[in-house]
Structures are given as structure tokens and as C-alpha cells.
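Asker: I'd like to ask some things about the structure below.
The numbers here are math on the coordinates, done by the rules we state, and not lab data. For clarity, every value in this text was computed on a predicted model and none was experimentally measured. Cβ sites come from the backbone with ideal geometry, for glycine too, and all protein chains shown count toward neighbours.
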Amino acid sequence: MSESKKPVCVVCIRIRWFLFMAVPLLLLMGTQTDLEPPEIPLHELVAQGIMFALVVVLSWRIYEYRQEKKAVARLLEAKARRQQEQESQST
């Protein structure tokens, strides 16, 4: 069976990521036992990992935004230069 190579929508990707994270979490919560918690503070490690991921994603988004802004500025400058050249050639 071959499936068509359609692009996947952003919402579908987010739903898949949510399920990817939520299903194991629900399984862990459902199969919880009365064992002693580990000595390692897992909740703190997870929280620090989430904060680190937030900083990385935010930094990447800022970098992409700045690069896009520079590219748009370069395109506008090139367009203005071409228009000036066309006006100078027509006169």
C-alpha cells in the first residue's frame, strides 16, 4: 500500500506530539504503585529540562525572526535599487 506524500498540517503535528507525550504519562500514572520514590528528584530534573527546552526554542525563534527581518530588508533594498536604475535608464 502506497500512501500519497501529502504535507502534514501543523495542527496534526501538534496533536501527534501531544499524544506522544500524554499517552506514556497517562500509562505511568495509571500503573503507579506504592513504591518509595527514588532519591533523585525527578520532578526537578524534568522541570529543568523543560526550562532548558523553552530557552532553546525561544532563542531559535528569535534567531529565525532576525534572519527573516534581515532578508526582507535586503530584498526591499534590492527592489529600491532596481527601481532607481530603471528610472535612471528611462530618463
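Asker: Using only alpha carbons, build the gyration tensor for the chain and give me the equivalent ellipsoid semi-axes, biggest first, whole Å.
Answerer: Gyration-tensor ellipsoid for the chain: 52, 22, 7 Å.
Asker: Now, a different point. Roughly what angle does helix 10-30 make with the longest principal axis of the chain, taking Cα atoms, 0 to 90 degrees, to the nearest 10?
Answerer: Here the helix axis deviates by roughly 10 degrees.
Asker: Here's another thing I want to ask about it. In region 1-82, with Lys and Arg counted as +1 and Asp and Glu as -1 at Cβ, which of these residues, Leu28, Pro41, Val57, has the Cα nearest the positive end of the dipole, that is, farthest along it?
Answerer: So the residue we want is Val57.
Asker: Quick check: residue separation of Val56 and Cys9 times 0.36 nm, minus the Cα distance between them. What number comes out in nm?
Answerer: Contour length minus Cα-Cα distance gives 14.6 nm.
Asker: For helix 42-90, report the angle its Cα long axis makes with the longest principal axis of the Cα atoms of the chain; keep it between 0 and 90° and round to the nearest 10°.
Answerer: It is inclined by approximately 10 degrees.
Asker: So if I place +1 on the C-beta of Lys and Arg and -1 on the C-beta of Asp and Glu, and nothing else carries charge, what would the dipole magnitude of the chain be about its Cα centre? I want it in debye, nearest 20.
Answerer: It works out to roughly 820 debye.
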